[in-house]
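The values are calculated or read from the model by the stated rules, or taken from the named source; none is laboratory data. Remember, predicted model here, so these are calculated numbers, not experimental data. We place every Cβ from the backbone using ideal geometry, glycine too, and count neighbours over all the protein chains shown. Keep in mind that these areas ignore ligands, DNA and RNA; they rest on the heavy atoms of the full protein, side chains included. Shrake-Rupley method; radii C 1.70, N 1.55, O 1.52, S 1.80 Å.
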Amino acid sequence: MDLKIGDEAPNFTANTTVGEINFHEWLGSEWGVLMSHPADFTPVCTTEIGRVANLKEDFAKRNAKVLVLSVGTKPGLTPLQSHTEWIKDVNETQGSSVDFPLIEDPDKEIANSYGMIHPNASDTLTVRSVFIIGPDKKVKLVISYPASTGRNFVEILRVIDSLQLTAEYQVATPVDWKHGEDCIVVPAVPTEDIPGKFPKGHTIIKDYLRTTPQPNI
Ligand code: BEZ
């Protein structure tokens, strides 16, 4: 399935390393970060899983829950055994303590429902997908990386900051924006309404480019 921004995130019930979960119920009212890894016991994936675990507090501060799907499991082990054994390696090598769920998806139903398998890259393993899901269970961000390129999870946190801010205020975030920096007032706000909506001040650079200090700090 070709999942797009604004679509409802497909729900699923799955066995995971922390027990059976119903995805939407497990998310509750929090934000979700669902990401795929091509395979257990592979080097790039090992560094990624460890990094995400070490950023636990940063995801928690943003009310964002992480869960991971990997369809490439170790032969001779069940998917859950494979995930559980792999986590031990991740923790040993990355100095982490992985406590988010790794999902079992033996028939690739979840991977297919999220379009995580890109057949011209690999018809058996997923690419490195990231889906950010809002409390309304709608997809807010879709990114795909190839298996050869590890993701930058500081960027994922930055996007969550932008998504949460822009969901609440009539602002957008400019290129390379980071939490704490000035934002753009969306074009739908007439210039005469800006002082009332953004009392911290504003700058008019062009009639279509108006900035204001980040309103929620
Ligand atoms: C890795 O995680 O290192 C990896 C996984 C699948 C294909 C290529 C690299």
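Worth a mention:
- Matching residues, the range 41-60, being more than 16 Å from the ligand (Cβ to nearest atom), open to solvent by 40 Å² or more (accessible area, probe 1.4 Å) and in contact with a helix residue (DSSP H, G or I) (Cβ under 9 Å, 6 or more places away or on another chain): ASN54, ASP58
- As for the range 15-24, it holds at least one residue that is among the hydroxyl-bearing types (Ser, Thr, Tyr), away from the ligand (no atom under 16 Å from the Cβ) and in a strand (DSSP E or B).
- Residue within the range 136-154 that is within 16 Å of the ligand (Cβ to nearest atom) and among the β-branched types (Val, Ile, Thr) present: yes
- Taking first residues from the range 63-88 that are closer than 23 Å to TRP31 by Cβ and partners that are of a type in the set (Phe, Trp, Tyr), the Cβ contacts under 6 Å between residues at least 6 apart in sequence or on separate chains come to ASN63/TRP31; ALA64/TRP31; VAL66/PHE59; VAL66/PHE100; LEU67/PHE100.
- For the range 146-205, residues that are of a type in the set (Val, Ile, Thr), in contact with a strand residue (DSSP E or B) (Cβ under 9 Å, 6 or more places away or on another chain) and in a helix (DSSP H, G or I) total 6.
- Taking the conditions (1) surrounded by fewer than 16 Cβ atoms within 10 Å (Cβ to Cβ); (2) of a type outside the set (A, V, I, L, M); (3) free of Cβ contacts under 8 Å to residues at least 24 places away in the same chain in turn, TRP177 satisfies each one other than (1).
- Filter result for PRO119 (within 16 Å of the ligand (Cβ to nearest atom) and either in contact (Cβ under 8 Å) with a residue 60 or more places away in the chain or of a type in the set (Ser, Thr, Tyr) (or both)): no
- Set side by side, the residues PRO135, PRO106 differ, and just one is free of Cβ contacts under 8 Å to residues at least 40 places away in the same chain and either assigned to a loop (DSSP other than H, G, I, E, B) or more than 14 Å from SER36 (Cα to Cα) (or both), which is PRO106.
- Residue match in the range 154-166 (condition: open to solvent by 70 Å² or more (accessible area, probe 1.4 Å), among the β-branched types (Val, Ile, Thr) and within 21 Å of PHE59 (Cα to Cα)): yes
- Selection within the range 25-40 - within 16 Å of the ligand (Cβ to nearest atom) and either part of a loop (DSSP other than H, G, I, E, B) or more than 20 Å from HIS118 (Cα to Cα) (or both): ASP40
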